[in-house]
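Structure record follows, encoded as structure tokens.
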Amino acid sequence: MAPLKSLQREFPIIDCNFQQFCASHGIYSVEDFLVHDLYSLVASAEQQSSSEELREGISQVISIIGSQHQPWSNGVELLGDAQKNKHVLPTGCEGIDMLLQGGLRVGHVTELVGPSPSGKTQVCLQAASNVAVKFMGVVMFLDTCNSFSPRRMACFINQHFNTPVEEVTQKGLKRVMSSILCQSVFDIFSLLDVLRQLELKLQFQVNTGDCKLRLLIIDSISSLITPILGGNGAHGHSLMIFTGFLLKKLAHEYNISVLDAPPPSAEDFLVFFRKRLRALAPAPATLLPFGSDHHPTTAPVTNHMVCGEGGILKPALGESWKSIPHVRLLLSHDRRSNSYNISILKHPVMVSGRAASFTVYG
Amino acid sequence: MSIKEWINTNESAKEMLERVLTERPFLLLPPLHRVPLRVGNVVEIVGPSPSAKTEILIQAAISCVLPKQWNGVHYGGLERLVMYIDLDCRFDILRLSQSLKLRIMETKRSSDQIDWSREEGLCKYKETKETIADFDEDLFLACMRRFLYVCCYNSFEFLSTLKTLHYQLQKESEAHGVAVHFLMIDSISAFYWIDRASTPLPLGFDKRKSLSLQTVAETVVQEIRKLLQMQPMLVLVTKATLFGDGSLTSNAKRTFRKWHSQDTSYLRTLQLDDQKYLHREYMPSVWQLFITHRILLRVSDEECANAESRSTPIYVSEWLLPSLSFVDKFMVKDAGISMVT
């Protein structure tokens, strides 16, 4: 937040005298105002010789503070926004769409959790192709472990074009493939960088009125976050939660700003990513001391080994991460029937525990 | 002050009773019904995610925004405003609207049925269907309008919301003609990690109060306390257990039980540990002291299998402050929370 000095040009009432008065109370920026008791500040301003101007200055800062938070809304407005902007995007996997009553909800951060081969990437690719083909939307695929396969993607897309004419298929494929943007990110900082750029771009696009981004996929987020967790410092967790809030903001915000301004185009946006399950040693090992509620990075992916014996699989990233996603879905793969199972771990509207199965073709 | 003035009565018993009765509308929501809560209390709902914390807030909000009576039907609500500050940014309005609709329809249906039993001989089944059809849209919208919402993506936004809250609440109360009764914060721990690692703008002055977990908590407490003096409200706050409950998840425990069904001593130690690590406090002490009531939630090992062959988790609630010895079990259904006996 801005230092008071830099506000002087815009608001002449915040002059040298006012800044000096604030400095005598240890206030140098708008940020400092937030942690200061404004009532006692006003009271001490009353005792100064130029109390009138000081009070005016304080109320100016308060009005700046008032513009810093998100707008207020009531239930009717929220519901209107939800019905207008927060559609569902079908993933194209029948089982999942049935389970989620239509598909992934716009504005939600959906998390896919599952052991290593459980179809997480397949669901991501399928959802990307479905959204790109049927909704003409742009899909952004942030790839953290080189799991994006253009060939597999083309395979999914081709299922949508059932024409024998080779040329039409080729043309359609080209169009759809060009609307799926893939970017490799290999550490948390480049992820934050990409998300920040995306935010700026979306802000600009909302203003100009052409925004087509509908789906943001991060496959997988845990491989970026797990390396920074651990140790005694809070910085790893701080970055993790920060990333989470940035995702939630991206997902949600661009509908709110559409609500305020006249809606430019149906602009939907959704964050969707997957996460790996890691095996967890049973019993006292989990009673770890403060600050290490997650498991060390070196823990090998031994899920298939312990699974049969009753070992416990637990989603990576620990307890703090649980407050980030809106929806958590657990995936598993049944090898014998080659079908995938999915169940709801958490959903804001639906009762958790429901399950369904689906198959991935191609 | 003269002695006579000092002896003089402040209010008569009648006046006091009136005041107390308005200040203490009894709250009869299933997990919160054990302790009489009144305005000015700060209730902290602690539990891992998911443990139906937000659901409890939503159900409390519904009882607050519903009117006491509407078109001759008794809804038993408070008809007051609810202020919901969403720090987790995960609130889904569809859950509130769905649950509110169900509550309105159910109340209406049951009250209609009472009427019918008085005048017998009517075709009951047909009438029930008609009641569902003419769902009261006006009532629904009036209730939804009484629900006020703001979301915050970081501590700055939260603090600036609190700083300007009094002014906003006054404006809203005047517009609606009723006061705010509940202040809800979901969840207070949302920015814990970010604040813990935050470094303020380096301006290089010693006297400066830097923004940290401690100062944020202090300011939040200070602001809410001020707000409560001017505008009496019941504060409901959720808090996630960030450090795990120190035990294995319910799934894990269940598997353990299968494993060690013969080894009972092992199981007992596990459960003891479970009790000990159940709730680890991590918020600054200034916040802890501000809390007047605390209820702990967790997911129980049991599950309730219902007709549709899917299992619904059963949640357990336990009062820690004031500490009550018994635990309640409840379930979350589409229509809301229901107790398990």
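Table: residues versus (1) assigned to a strand (DSSP E or B); (2) crowded, with 19+ Cβ neighbours inside 10 Å; (3) not aromatic (Phe, Trp, Tyr).
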position: A:Tyr39; (1), (2), (3): no, no, no
position: A:Val42; (1), (2), (3): no, no, yes
position: A:Leu54; (1), (2), (3): no, yes, yes
position: A:Gln101; (1), (2), (3): no, no, yes
position: A:Glu111; (1), (2), (3): yes, yes, yes
position: A:Ser116; (1), (2), (3): no, no, yes
position: A:Gln122; (1), (2), (3): no, yes, yes
position: A:Leu125; (1), (2), (3): no, yes, yes
position: A:Asn130; (1), (2), (3): no, yes, yes
(request) Please indicate, with yes or no, whether at least one residue in region B:59-79 is open to solvent by less than 10 Å² (accessible area, probe 1.4 Å) and under 21 Å from A:Pro325 (Cα atoms). (result) no
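Rundown of residues vs (1) in contact (Cβ under 8 Å) with a residue 24 or more places away in the chain; (2) closer than 24 Å to B:Ala142 by Cα; (3) within 14 Å of chain A (Cβ to nearest Cβ); (4) not in a helix (DSSP H, G or I), yes/no style:
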| residue | (1), (2), (3), (4) |
| --- | --- |
| B:Leu37 | yes, no, no, yes |
| B:Gly40 | yes, no, no, yes |
| B:Pro50 | yes, no, yes, yes |
| B:Ala60 | yes, yes, no, no |
(request) Could you tell me which numbered condition A:Trp72 fails, if it satisfies all but one of (1) open to solvent by 20 Å² or more (accessible area, probe 1.4 Å); (2) over 30 Å from A:Leu34 (Cβ atoms); (3) touching a strand residue (DSSP E or B) at 6+ places or on another chain (Cβ under 6 Å)? (result) (2)
(message) Taking the condition of being open to solvent by 80 Å² or more (accessible area, probe 1.4 Å) and modelled with pLDDT of 70 or more, how many residues in region B:86-139 meet it?
(response) 4
(request) Could you list, in sequence order, all residues of region B:212-253 that are at pLDDT below 75 and acidic (Asp, Glu)? (result) B:Asp245
(request) Need at least 1 residues that are away from chain B (no Cβ under 14 Å) and surrounded by fewer than 18 Cβ atoms within 10 Å (Cβ to Cβ) per element, so show me which strands (runs of 3 or more DSSP E) inside region A:321-362 make the cut, counting only ones lying wholly within it. (result) A:327-334, A:339-346
(request) Starting from region A:50-65, keep only residues that are more than 11 Å from A:Phe33 (Cβ to Cβ), then list their pairs with residues that are part of a helix (DSSP H, G or I) and not aromatic (Phe, Trp, Tyr) whose Cβ atoms are within a distance under 6 Å, requiring at least 6 positions of separation or different chains. (result) A:Ser51/A:Ala45; A:Leu54/A:Ala45; A:Arg55/A:Ala45
(message) Quick test of your reading of the structure: B:Leu159 fulfils all but one of (1) within 8 Å of chain A (Cβ to nearest Cβ); (2) touching a strand residue (DSSP E or B) at 6+ places or on another chain (Cβ under 8 Å). Name the failing condition by number.
(response) (2)
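The values are calculated or read from the model by the stated rules, or taken from the named source; none is laboratory data. As the structure is a computational prediction, the values presented were derived from the model and not from experiment. Cβ atoms come from the backbone with ideal geometry, glycine included; neighbour counts cover every protein chain shown. Please note that ligands, DNA and RNA were not included when accessible areas were found on the heavy atoms of the full protein model with its side chains. Shrake-Rupley method; radii C 1.70, N 1.55, O 1.52, S 1.80 Å.
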